[in-house]
Each structure stands twice: as C-alpha cells, then as structure tokens.
Amino acid sequence: MTAGSADRILFWLFIALVFWAPLPFASNRPWALSLLAFAMMAILACWLVLYGFGKSSVSSRVRRRGKWPLILLALMPLWALIQTLSLPREVVSILSPRAEHLHLPGAWIPLTLDLAGTRQYLLAGITCWCAFALVLTLVNCARRTEILLWTLVASGSFQAIYGSLMVLTGLEWGFLIEKYSGKGVATGTFVNRNHLAGYLVMCLSAGTGLLLSQLSAQEASSLRDFFRKTLNALLSNKIVIRLLLAIMVIALVLTRSRMGNTAFFTALAIAGLVAMFCGRKFSPKLLVLIGSLFIIDLIIVGQWFGLDQLVERLETASPEGEYRLAVQGRGANILADFPLTGSGGGSYHSVFTYYQDAGDWGYYRHAHNDYLEIAAEMGIPVLLALGVFCLFVLYRALQLQRPDHSRLQRGVGFSLVMVFVWLVIHSTVDFNLQIPANSMTLCVLFALAFASLLPSGKSAEHYRGAIA
C-alpha cells in the first residue's frame, strides 16, 4: 500500500465518521461517544505514523494558520483532564473553595464534583480536537473540501427525510427504538428537536456554501444565453443541492424549534449581507439564491408542512420558557461559586441540585445556555479562550470572501459566517455544544477556515497568488 492510498483510506474513514456521528442519538450516549472518540483518535494516530515516516505532510501555510486555533481548542480537554486529577486538598481549597467544601473528607480530591461526568466530557473534548486536527491534515485540497461539504449535506438530508417521515407517518422511531420523547415533531435520530435543528442549520450552511461555490461567475450575454445557462443549471448537481436544501428546511420547520428557525434565517440574512460587503459589489445571483431560500422555503413549503404551528410557538410564551430563565438564574449562582476552575465538565446536572429551589419545575441536566454552562463547568478563562477561538474563525471566514479568492473559498467563508451567527444566537437558549455530534460537526466546519482549499496537483499553482 502506497502512502497516497493510505492517506486516502484515512480520509474516507474520517468522512464515514462525520456521517456516523449524529446517527446513534447524536453520539450522546457513553458507548456511542466512546466509539466515536476511539475511532477519531485511531485515525489521527495512523496519520501521525505516516507523518513520522515522511509519508504525509501539512503545508506550512496550514500549520501557521491552524497553530493557535488548535492550541486554544486543546484547552478544553486539557482542563477537563486536570479537573479529574486528584490534588492535595489544600491546593483545591485555594483554587476552588466551594469545591473543597462540597467534597467528602479526604487528603486528595479532584477539582470536579462529578468525576464520571468530567471523564465523559474529556472524551467529547478529545473527539472535537481530533476532528479539527484531521480536517487540517486530511482535507488538504478543494476536491476533499467539496466531498466533506457534500457529506454534511447528505447527512443533514438523511436526518431531514427520516425525521419528517417519522412525523408525517406517525411511526415515531428514533435510532432503532421507538421515540420516548419529542413525539409529533421532527427529531431524526436525535433525542431533542432543538439539537436536530442545530445540526440541520450547520448542514444547511454547508450546502448553501457549496451551492454558492458552483454559481457561474459569468453573466448571460443574451436571452438565449440566459436560457442555456438556466437549462445547464437544472441538469447539473446544483438543482440536487437546491432540492436537498429545501428538504432540510422542511425538517427544520417540522422540528418546531423556535430559536433554531429564528437563528437559521437570521444567519442566512446576515451572511448574505456580509458576502456582498466582502465581495465589494452587488451580486444579483446571491440575492436570488437567498431570496429563494426565504420565499420558496419559508412561505410556500412552510405552509404545507406546518409553518403556522411554528409561528404560533414563536408568538406564545410557554411556561417551560419561563422556567428555563429561572434555571439559568440558578446556573448564574453556580458560576458565581466556581468562576475560575468551574465545577467540572459534565457536572452541571449533579451540581444544580445544590442550587435548585423546591418550587423549580422539572429536572434539568443542562443550563439551556451554552455560555453559562461552559463557564460554570469549565471556568470563565476557558470560555474566553473558546471565544477567541471563534473570533479566529470569523476573521478567516471574512478573509475567504474577498474577491481575489476562488469560488469555493468564498462559499466556505459564507458557510462559516452562517454557522458563527447561528451559534451566537442559538447558544443563548440551548445547549448544542453539549451534544457530541453537534460540537464535533461545528469543529469540522470551523477547521475549514484554516485548511488548504487549493486544487490538488499542478492546477494549484494558478491559485497560490490569491491565497492570504
């Protein structure tokens, strides 16, 4: 087996994992997360062996761009590992007095208040870091970038079709078992509709960027030329992508996720404005594409598949939402007690019981606010580091949309802006980042900001002057 074929095999194994991750309850089960983490680490280990023997390489440009994002993202699993270590009780009392107070007597204690939960959190962090690193190392040309984007479109479409059929037929099955929650709304193989909505938005972003990358840069010179280009577009894979985007929007509406839908259309509008600003000119084709997503999907398709019920949910303040706000207030109390070190990754559900009032409604495993939960579990410094990491991604996303970049680069930049805006909005009311499949997919997309998007082979030389 040659080095090139070994590299290709690793790439296709990675692509298979990207598609697999959301299937078993979004990998949000210990066995599913362990399997995903082991597979990711095994692929990265194999690549490192190839790299050690000089059979694989990473361009200096990718190393330079990806160094700091890799370091910042590594802080999450690294700190989770430190939280699981047994430290002298005196040291813990200095770093986290509240944790020392809540621990049972003992000379050596960890910083975390939920050792098992933090170990699982560590696995999720390693999975995300490995996925990010594998994109930088294996997705090393434009062709592989397109394959990765197509994989996300295919995965999102499968989830959309499966979730929609379960609602429309009344079968209501999740991943190989009958659904025990979320009946009457689309959940796919996820448990929670909001997490399927988040995953669909990321896949929609990937598909929209892929579609933009295939738009012709030439304007029609005549009416005949216009019809010829239109017919070519209808017979090409552009129409396939467009249909798949419509299917995913249908499923997004069927999730009845208020913030998921709101964040998607807001992200699409803002990304469109950013693209026109970065392109330094008005783009009729971009405006038509975004307008079609709004008009055709939101108004026409939405009317057939229950848009009115989603609008009703948007207009109605539910008791559950009020309780969520109250629960977020309790989470702020946790953060106040663990501002520096956090209570331990994955410990929110157990620590929350110390702060829950007798009148609080229900049992909450998460804060329904990713910012608050990450800060409470991992500490404010880790949250700030992740914020800087996201700003690195946004900066690269804006750079990629400059006019002197290739269409694929501009499409990827558009996707990243969409995902960034969605993340900022949806994270205020939900916990997508606590779901392994969603956090891993987010890292896969964000890694494209720093990966090589050049065509492989000799044609790459044509683009080298256009790459920042």
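Mind counting the residues in the range 67-125 that are in contact with a Ser or Thr (Cβ under 7 Å, 6 or more places away or on another chain), of a type in the set (G, A, S) and under 25 Å from I435 (Cα atoms)?
Qualifying residue count, the range 67-125: 3.
Please pick out the residue among S415, S427 that is under 21 Å from G198 (Cα atoms), crowded, with 23+ Cβ neighbours inside 10 Å and among the hydroxyl-bearing types (S, T, Y).
Of the residues listed, the single one that is under 21 Å from G198 (Cα atoms), crowded, with 23+ Cβ neighbours inside 10 Å and among the hydroxyl-bearing types (S, T, Y) is S415.
Having 2 or more residues that are out of contact with any strand residue (DSSP E or B) (no Cβ under 7 Å at 6 or more places or on another chain), small (G, A, S) and modelled with pLDDT under 95 is the bar; report the helices (runs of 4 or more DSSP H) wholly within the range 307-404 that clear it.
It comes to 319-337.
Please go through the range 10-31 and pick out each residue that is farther than 21 Å from L445 by Cα and in a helix (DSSP H, G or I).
P30, W31
A quick yes/no check of all residues on (1) in contact (Cβ under 8 Å) with a residue 12 or more places away in the chain; (2) under 20 Å from T118 (Cβ atoms); (3) assigned to a helix (DSSP H, G or I); (4) of a type in the set (S, T, N, Q):
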position	(1), (2), (3), (4)
D7	yes, no, yes, no
M41	yes, yes, yes, no
V58	yes, no, no, no
R63	no, no, yes, no
L75	yes, yes, yes, no
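Tally the residues that are surrounded by 12 or more Cβ atoms within 10 Å (Cβ to Cβ), in a helix (DSSP H, G or I) and either modelled with pLDDT of 85 or more or of a type in the set (F, W, Y) (or both), restricting the search to the range 279-305.
The number of residues fulfilling the criteria is 1.
Within the range 131-144, identify whether any single residue is farther than 30 Å from I82 by Cβ and surrounded by 24 or more Cβ atoms within 10 Å (Cβ to Cβ), and answer yes or no.
Yes, the range 131-144 contains at least one residue that is farther than 30 Å from I82 by Cβ and surrounded by 24 or more Cβ atoms within 10 Å (Cβ to Cβ).
Hey, among D337, D370, D404, D357, which residue is touching a Lys or Arg at 6+ places or on another chain (Cβ under 6 Å) and among the charged types (D, E, K, R)?
D337 is the lone residue from the list that is touching a Lys or Arg at 6+ places or on another chain (Cβ under 6 Å) and among the charged types (D, E, K, R).
Among residues belonging to the range 183-228 that are at pLDDT below 60 and not polar (S, T, N, Q), point out the one that is farthest from V249 (Cα to Cα).
Step by step, filter the range 183-228, then rank; the result is L223.
Please find, within the range 405-453, the residue that is nearest to L123 (Cα to Cα) out of those that are part of a loop (DSSP other than H, G, I, E, B) and among the aliphatic types (A, V, I, L, M).
I435
Considering only residues that are among the polar types (S, T, N, Q) and surrounded by 14 or more Cβ atoms within 10 Å (Cβ to Cβ), look in the range 60-108 and name the one that is nearest to F446 (Cα to Cα).
Q83
Find all pairs meeting these conditions: Cβ atoms under 8 angstrom apart; at least six residues apart or on different chains; first residue within the range 162-181 and touching a residue at least 40 places away in the same chain (Cβ under 8 Å) and over 18 Å from R29 (Cβ atoms); second residue assigned to a helix (DSSP H, G or I) and hydrophobic (A, V, I, L, M, F, W, C).
G163/L196; G163/A251; G163/L254; S164/I247; S164/I250; S164/A251; S164/L254; V167/L254
The values are calculated or read from the model by the stated rules, or taken from the named source; none is laboratory data. In this text, all values refer to a predicted model and were calculated from it rather than measured experimentally. All Cβ positions, even for glycine, are placed from backbone atoms using ideal geometry, and neighbour counts span all protein chains on display.
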